[in-house]
Structure formats: C-alpha cells, structure tokens
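The structure appears below as structure tokens.
None of the figures in this text is laboratory data; all of them are computed from the coordinates on show. Just so you know, these numbers come straight off a predicted model, no measurement behind them.
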Amino acid sequence: MIKSILLAVDGSAYTEPVLQHGIKLAKKFGAHLRVLTVIDVRIFEWAVAVGVEGFAPILPSTSYQEDSQRLLEQKADEVLKKTESILKEHKVNFTLIKGNGNPVEIICDKSKLVDLVIMGARGEFEKWSDKMLGATLEATTRLNIKPIFITQRSYREINKILIAYDGSENASKALTYGAYFASQLNTPLTVLNVGHSEEDARSILSEALEYLSVYDIPSIQDKYVEGEPSEKIVENAKSLKADLIVMGSYGHSRIREAILGSTTVQVMRKSPVPILMTK
C-alpha cells in the first residue's frame, strides 16, 4: 500500500523528526524514501517586488541576489549531505532531490510519484509563527492529492493510534490508512466519533469496527463523544495517550473554512502528536 515516501526537509528543527518517522515507516513498510529540499525562489521574488513597489523603492543589487542564491544553494547541499549520512547509517533505500522554485508547487509535483508525504508542522521560520501552521504545509495540505503525515517538533514512537471517523468518504480513507498503519506497526487503535446523536454514532462506529475486523491489529476500541470536533479529537488524543491521529481532510464547506478554519486545520494547529491526513 505504501512503497514510496516523500520526505520534505528544510534544515529546520522539524527535519530530524521527519527523517526519523520516514526511516521507521520505510523499514516497516519496505518503502523507498525520496528526500526533497527546495531552494525557495519566492524570497528573491519578494525582495524584487518590495524594492520596486515599496514606499521608498530600492531594487536589490545583482550581487545581493547572487550571494543569497549561493547561500541557499549551499544550505540545501548541506541539508542533503547530512540527510544522506543519516539514511545510509540506517540502511534504508533513498533518493535525494534538490528543487528550485515554489516549495508548495514542487512538493505537490513530486508527490505524484509517491504514496505518502511526510512534512513538519512548521518550517524554518517557526519562531515567528506562534501556534500557526507553516505556510508551506497549510497550502500543501489543501492542494496535494496524497496522504500527508505531519510531524511535531519532537519525535515520538507510534504506540497507539486514534482514528477520527464520521462515516464520510474522506473518513473512510482515513479508516483504511489507520488500519494499515496499526497492522504494520502492530499498535492498538481507537476509532472516535464526535457528533450530536449517540444512535447515529453507534451505527457509524459499528461499520468501522466491521471494516477493521479483518485486519491483524492488537486491539480495537470505539468511542463516542459530543462536542466541537477539533477540540474533542485533540482532547481524546491526549486522554487516550495516542501517538498518531488519523483523519480525513476538509469536511466542511470552503466558506466555513475561510472564516473559521476547518476541523482538519484546527486539529493540525492544536495537536501535540503527529497527524496522518488523508484525502
């Protein structure tokens, strides 16, 4: 099911957990790792735009752009060099890729050739982002068609999985991936339904348990709670001591997303554990 994994790395503090999760999953799944780092050309485009259109126009010099490009090239090479050393040490199959352009566009393009993407919740500018998601991650989750595994700043072993399931099409895909992860990692899992009707929830959870029954999973539990979905998903991940949340993406309307942020975005912002988001 998962034989090729894309690791998006940028040299930030999130790079290490991205690599650690990638190595762990590659070994468990027998998967090939494609490691991508991108030289972000938007930095130069922004500098030129500000220089030309700003209140006090100053066009960046050619030497400034050349020096900046050289530094970013050097950084990308160092990130890949260190990554190569780590992956060789762990004896996993991998390919190194250096891109040049818009990170979101390049990640989405390279994702076409893999089964799973692993990214950090934030990137190299995290110290200015407070509790917001990294801009590259949030844009990628909206545009990318493949499942995305979102890591936190610190690596943690996956010993228990929580699947958020509401019976929708995207939640069904989450159920499939959650079952696969639990069976391959040999971890127990809990299926959580957040709603307003226990009768409906029991029917939904019953179909989930029937689906999961054919998988070789150590233990399976189901749980129903009432409340705001994003809050309850994160709350139960903490109380159940889950190490991974698996959920479908963007279940609400685009208008509601624009105003309030979808359940998926809110969980991504609040979760203390990694998230596997399916589409």
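Pairs Lys91/Lys173; Lys3/Lys241; Lys146/Lys241; Lys28/Lys241: which exceed 25 Å Cα-Cα? Too far apart for the 25 Å limit: Lys91/Lys173; Lys3/Lys241; Lys146/Lys241. Remark: segment 207-219, residue by residue, has Karplus-estimated 3J(HN,Hα) of 5, 5, 5, 5, 4, 6, 4, 8, 8, 8, 10, x, 7 Hz, where x stands for each Gly or Pro and the curve is 6.51 cos²θ - 1.76 cosθ + 1.60 at θ = phi - 60°. Excluding same-chain neighbours fewer than eight residues apart, the lysines reachable from Lys75 by a Cα-Cα span under 22 Å are Lys88, Lys98, Lys110, Lys127. Determine ³J(HN,Hα), in whole Hz, for all residues of segment 94-103 in sequence, where each value follows from phi through the Karplus function 6.51 cos²θ - 1.76 cosθ + 1.60 and θ = phi - 60°; x replaces Gly and Pro. Each residue of segment 94-103 in turn: 8, 10, 9, 9, 10, x, 9, x, 7, x Hz. For the pair Asp216 and Lys27 in one chain, pulling the backbone fully straight at 0.36 nm per residue adds 66.2 nm over the alpha carbon distance. Three semi-axes describe the equivalent ellipsoid of segment 161-278; taken as square roots of 5 times the Cα gyration tensor eigenvalues and ordered largest first, they are 22, 16, 13 Å.
Measuring nothing but how far apart in sequence close Cα pairs (under 8 Å, 6+ apart) lie, relative to its length, segment 161-278 scores a relative contact order of 32 percent.
Full extension of the chain segment joining Lys112 with Glu235 gains 40.9 nm, where the gain is 0.36 nm per residue of separation less the Cα-Cα distance.
Express in whole angstrom the spacing between the alpha-carbon centres of segment 165-219 and segment 16-30. Between the Cα centre of segment 165-219 and that of segment 16-30, the gap is 24 Å. Candidate cross-link partners of Lys24 among the aspartates and glutamates, defined by an alpha-carbon separation under 15 Å and a same-chain spacing of 8 or more, comprise Glu16, Glu89, Glu157, Asp243.
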